[in-house]
Each structure stands twice: as structure tokens, then as C-alpha cells.
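Asks: I'd like to ask you about the structure that follows.
The values are calculated or read from the model by the stated rules, or taken from the named source; none is laboratory data. Computed from a predicted structure; not experimentally measured. Cβ: placed from backbone, ideal geometry, glycine included. Neighbour counts: every protein chain shown. Surface areas here come from the heavy atoms of the whole protein model, side chains and all, with no ligands, DNA or RNA. Shrake-Rupley method; radii C 1.70, N 1.55, O 1.52, S 1.80 Å.
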Amino acid sequence: MKNINVNSTLNRIAIIGLGYVGLPLARLFASKYPTVGFDINRARVSELNNGIDNTLEISENLLKSVLVSEIPHSRGLFCSDNIDAIKDCNVFIVTVPTPIDKNNRPDLTPLIGASETLAKVLKKGDIVIYESTVYPGATEDVCIPVLENKSGLVFNIDFFVGYSPERINPGDKAHTVEKILKITSGSTSEIGLKIDALYKSVITAGTHLAPTIKVAEAAKVIENSQRDINIAFVNELAKIFNLLDINTQDVLEAAGTKWNFLPFKPGLVGGHCIGVDPYYLAQKAQEVGYHPEIILAGRRINDSMGQYIASQVVKLLIQKNFKVKGTKLLLLGITFKENCPDIRNTRVIDIVRALEQYGSHITIYDPWANPEEVGHQYGLISSGIPEEKFDGVILAVAHKEFLNLNLKSLLIKDGIVYDVKGVLNNAVYGVYGRL
């Protein structure tokens, strides 16, 4: 233990992965400690060193306030794609993504790759902290063996590990990283205290020290699994109430007058957390012989919503005597949530694919999404403000730019509107559908 130096004057922080999670964390630590942000994406690193964050999580002024042109000796942030830049750091924080594959199984490839990279620079006394979402046991069963095997060092003797799950909410400017209480944990009780003190020094909302790494991992996956199940419940309610010709939003508003009613709304469930994390817990449960019925039922319902919305749009078109095949539809929004450029795991794509199967022609307009990313990831064209008129408009994402958009000007006579988010005035449009 005496080889470990995590005193506030000696911390040299390395953040591995400079995306939606890593960059805000790097900026925060850099306000107090010498910090190096490492990412294998050279273009991303170059943009960041010029003060540009295309995720829009950190403003140019805030980013430039901590950027330095060389590896800092005191506070400051230096970004690099060169592994040598992090070799003198003693605290390594891993914030790489943990997606699922096409079969909804956890894909730990980025996490294993990051661990292999870190092992090249790992030294005696160093601490590695994982923030990437994983199933309980992944840090100890997958990551630590990689660190040991590739570095030649011995876990809990030469180096130590912690887990502190990320709680970043992309696009949320109110609940920034320092304002969200942080769960911490360590591979020994002493390391747990040191890691907790490190985060507590920059997280103004405070910290919660979990007794073990597995507890911290489990806490993260159930946070989002709980939300996923609650949203699945109201999505199922929406399907029932639509059959009963009852406005779901009105029902939820009425039920919400009870003090302990949870205010969840129906909709698409995508992104890098809620639509992914339950599969990590489900996979681990099945490995130990338990079939998680509620978790997977919630996933099935939420994953079906894109197809369901498409079917409702088709019904509206038929009611207005449109020939569905060849119908021109405008889709407003392709990101996974409002006022955010993040298109990762967006379930809006399910609406697109389903309507394409019906033979409809889809035009996508999203002022927040990067058209190149949309094209690269989904093979779709995201256009500018449309000048033509459409048979129907689907409001899929409630970007602020859409709330005052004159949808009638975009529709032909008797064109339909479908409001996925339930934010439009029901009385303004003719044939109208919503969840």
C-alpha cells in the first residue's frame, strides 16, 4: 500500500475515451489535477485540442479554460491519441462504450481493448477505475485478468482497481457530472476510500462508497433497468388505451395527481443506457441459471414500439384514403433524445425501417444530428429544412426547433400528423395520432 500516491497534490489523471462520458469527466478533473485525455480517434482529439466538442456536452469557452498545449504538471487538460502521453499518470479512468451486438449480447470489445492499452503503461502503485457500464462481476472477471496478463503486474499488490459507474445524461445542462452524486468502490477497503476521496474532491453533489465493486456494478445496471421496465409499463398502457379510444396522456395526467405515482411517459427507448443496460443484467442472470422474465419482457415491449408506431401511422393513412405504398412522409428527428446530437442506438430507426417495408418514402429532418454520422451508421440521408409538402409528418423527437414548427405548411391537404412524444396541440391538426 505504501507505493500508492493518491494525495491531491500527486494525482495525475488519465481519462481513456473522450466521448459523452469521458470528456465532461476529463474537463472536471482538469480543473484541479493534471489530466490527460486519451482517445484512439485522432480527428476527435484534434477537434478537442482546438476547443471543439461535437457532442455539445462542453462549451468551447469551458473547454478552452482547461486546455493546455502540453502534458500538464499542475492542473489542466491535454488530449492525445499517443499512449506515451499517459505513461506518467497514476490514476487511469476508463470511459469507453459498452454496447450490445446484433443479438443483444454484451459487447465488451472496447473495454477489453482499453484494458490491453492501459496494461502497456501500468506501473506499480497505479489505480485503474472503470466507469463503463457492465454486468456485475465484469471488472474482476474480464478486465483485471487482462491488466494482469498484459502488464505482468499482480492485482492488489502491484496495482489496484475501482469501479465508479457513469451517470452522464447527454444533452442535460442542469445535471452536469459534478452535480450528480457518484457511486464509488475499490478493490480493497483502503483503495475504496482513496477513490472515494478523489471523486469527492471534484463532485460537489457528493459520493456514495459501495462496499464492493460488484455492488457498484449492479447498482448501475438496475438504475436503468428500473426505468426501462417502468417505461415498458406505460408503453403497454398506451397500446391498451389506444384500443379503448382513451387519450393516454390524459390518463397519465389524471393518475399523476396522486403523490406517489411515478411520472413515466410512453415512447421509444434508445440511447447508450436504458436500451442497453438491461441486456447486460439479463445476460449475467442467464449465465447463473436464472431467466429474468420481467426485465426481458420490458425489453420486448420497448423494442417493439417503433414497429407499433409505424403501424399506427399506416392506419391513419388508410383512414384518409392514402395509398400507403409510395406515400411521402417527413420524419422529424433521428437522435435518441431531444436537444442532443447523440444518434447511438436510436430507436427512431425502427420507425424508418418499418415504414420502408410498407413502401413509404421517408425524408428525415434533424437539425441536431450530424448528417455524415447518420449516413455512416444507418445508411440514411438527413436533409435540411424540407421545402416540399408531405402526405404525413411524424414528430419522433421533441427538439426545441420542432415545437413551434408550422406542420400544416409541410402537409398536403388532409395530410396526417403522428406525435410520438405527445407534445403537440391535439386541436390544431385534423387526423391526428399520438402515443
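Asks: I'd like the Karplus ³J(HN,Hα) series for segment 238-245: coefficients 6.51, -1.76, 1.60, θ = phi - 60°, whole numbers in Hz, and an x wherever there's a Gly or Pro.
Replies: 4, 5, 5, 5, 4, 5, 8, 6
Asks: Please report the net charge: other residues with Cβ closer than 12 Å to the Cβ of Leu407, K and R +1, D and E -1.
Replies: +1
Asks: Taking a spot 7 Å from the Cα of Leu56 along the direction of its beta carbon, which residues of segment 394-417 have an amide N less than 19 Å from it?
Replies: Zone members listed by number: 395-406.
Asks: Looking at the square roots a ≥ b ≥ c of the eigenvalues of the Cα gyration tensor of segment 268-348, which shape do they give, rounded for a/c under 1.5, prolate if a/b is larger than b/c, or oblate?
Replies: Oblate.
Asks: Something else: Within segment 61-167, report the chymotrypsin sites (Phe, Trp or Tyr not before Pro) that DSSP leaves as loop and that have at most 11 other Cβ atoms within 10 Å.
Replies: When the chymotrypsin sites (Phe, Trp or Tyr not before Pro) of segment 61-167 are filtered for loop state and at most 11 Cβ neighbours within 10 Å, nothing remains.
Asks: What is the set of long-range amide H partners of Val393 at a cut-off below 5 Å, with H atoms built 1.01 Å from backbone N?
Replies: Amide H neighbours of Val393, under 5 Å, 5+ apart: Leu330, Ile416, Val417, Tyr418.
Asks: Separate question: Could you check how much of the accessible area of the chain is carbon and sulfur, as a whole percent, using a 1.4 Å probe?
Replies: Ligands and nucleic acids excluded, carbon and sulfur reach 53 percent.
Asks: For helix 189-200, report the angle its Cα long axis makes with the longest principal axis of the Cα atoms of the chain; keep it between 0 and 90° and round to the nearest 10°.
Replies: That works out to roughly 60 degrees.
Asks: Turning to a different aspect of this structure: Restricting attention to segment 333-435, which GluC sites (Glu not before Pro) occupy a DSSP loop and are surrounded by at most 13 other Cβ atoms within 10 Å?
Replies: The qualifying sites are Glu387, Glu388.
Asks: Angle, helix 293-303 long axis vs. longest principal axis of the chain, Cα atoms, 0 to 90°, nearest 10?
Replies: 60 degrees
Asks: By its C-alpha gyration tensor, with a ≥ b ≥ c as the square roots of the eigenvalues, how is the chain shaped: rounded for a/c under 1.5, else prolate for a/b larger than b/c, else oblate?
Replies: Working: a/c = 2.32, a/b = 1.81, b/c = 1.28.
Prolate.
Asks: Next up: Can you list the HN-Hα couplings for segment 114-128, worked out from phi with the Karplus curve (6.51, -1.76, 1.60; θ = phi - 60°), rounded to whole Hz and with x for Gly and Pro?
Replies: Result, rounded to whole Hz: 5, 5, 5, 5, 4, 4, 5, 10, 5, 10, 5, x, 6, 10, 10.
Asks: Okay, next question. With a Förster radius of 51 Å, plug the Cβ-Cβ distance of Ser201 and Ile240 into 1/(1 + (r/R0)^6) and report the FRET value to the nearest 0.05.
Replies: Between Ser201 and Ile240 the formula returns 0.55.
Asks: Compute the acute angle (0 to 90°) between the alpha-carbon long axis of helix 348-357 and the principal axis of greatest extent of the alpha-carbon atoms of the chain; round to the nearest 10°.
Replies: 40 degrees
Asks: Need one number: % antiparallel among DSSP beta bridges in the chain, to the nearest 5.
Replies: Values: 2 of 47 bridges.
Restricted to the chain, the bridges split so that about 5 percent are antiparallel.
Asks: Are there trypsin sites (Lys or Arg not before Pro) in segment 129-210 that DSSP puts in a loop and that have at most 16 other Cβ atoms within 10 Å, and which ones? Please list the in-between numbers first.
Replies: Values: sites: Lys150, Arg167, Lys173, Lys179, Lys182, Lys194, Lys200; in loops: Arg167, Lys173.
Passing both the DSSP loop test and the Cβ count: Lys173.
Asks: Same structure again: Over the chain, what is the relative contact order in whole percent, taking alpha-carbon pairs under 8 Å and six or more residues apart?
Replies: It comes to 10 percent, rounded to a whole number.
Asks: Additional query: Per residue, how much accessible surface does the chain expose to a 1.4 Å probe? Answer in Å², no decimals. Intermediate results must be reported in sequence, preceding the final value.
Replies: Details: 19800 Å² over 435 residues.
With the other protein chains kept in place, the chain gives 46 Å² per residue.
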